[in-house]
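To start, the structure under review is shown below, and the notes come after it.
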């Protein structure tokens with residue numbers, strides 16, 4: 001009987017340890033992060049990579065803000081994020097779970113580098129035919145839902161230090177490179193104690209919308225046939241495009257990890273099996289750093 005109890009306790013402890021090990025700890029940010037879409041102040045590439053959605057990401061925090069960065073792994077993912085839109089959901093795993101969401105609207109006038117024989121055209125751009133003035137690009141917008149103080153539609157130009165803000169890279173190579181800042185007060189209300197909220201388990205969930213058949217056809221035509229395959233699937237097209245032909249690497253981050261794992265590890269085929277433009281979703285459990 002005593003031996004059975006010991007085995008049971010070991011089993012419970014093993015399950016608890018395994019569950020806790022899957023919770024990542026946010027990196028402490030010693031200096032406030034500038035939200036400008038540049039991403040250079042993050043230093044190394046994002047430390048997490050989800051192989052199913054082909055998205056790299058990372059989160060950090062200081063005593064006032066939670067910072068998040070999200071980057072598409074290749075040009076096809078860039079297009080899906082920009083043309084279909086995506087959302088980032090935060091869930092506080094408290095006695096009464098609280099959910100908050102940032103919904104990024106599809107950007108219909110985003111200009112993407114023209115692919116000519118697998119190369120980027122220097123001055124040519126992909127612009128929707130419906131746009132009468134190609135030089136005018138709509139402001140990036142996002143809808144805030146469920147936060148403590150700030151909700152509704154915001155633009156990337158909103159940079160109030162006490163409110164949620166975001167920025168997207170304007171670099172032709174990294175158009176789907178987002179930086180986001182969420183004040184901790186928006187998650188935990190005012191008068192929170194960092195030492196207390198750092199013990200709260202949180203979940204980050206990223207949902208990427210599916211791209212319509214109409215948009216896929218437009219993209220296929222604009223890229224000169226570089227994207228092959230029918231339906232919503234995308235094969236090994238975009239020949240010579242750089243990122244998709246690197247084999248073991250996508251944008252400098254090795255691929256082949258389990259979804260949501262930390263970046264690192266050897267490629268197990270990566271993009272060679274094709275890439276779907278259907279809806280994708282992944283989540284990551286994490287806790288804030290208390291600076292110690």
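The values are calculated or read from the model by the stated rules, or taken from the named source; none is laboratory data. These numbers come from a predicted model, not from an experiment. Neighbour counts run over all protein chains shown; Cβ positions are idealised from the backbone, glycine included.
Of note:
- As a summary of the residue check, residue 205 satisfies the conditions (1) at pLDDT 95 or above; (2) outside any strand (DSSP E or B) except for the one numbered (2).
- Counted residues, the stretch 37-68 - those being surrounded by fewer than 16 Cβ atoms within 10 Å (Cβ to Cβ) and within 18 Å of residue 283 (Cβ to Cβ): 1
- Residues (in contact with a helix residue (DSSP H, G or I) (Cβ under 7 Å, 6 or more places away or on another chain) and either assigned to a strand (DSSP E or B) or at pLDDT 95 or above (or both)) located in the stretch 150-183: 164
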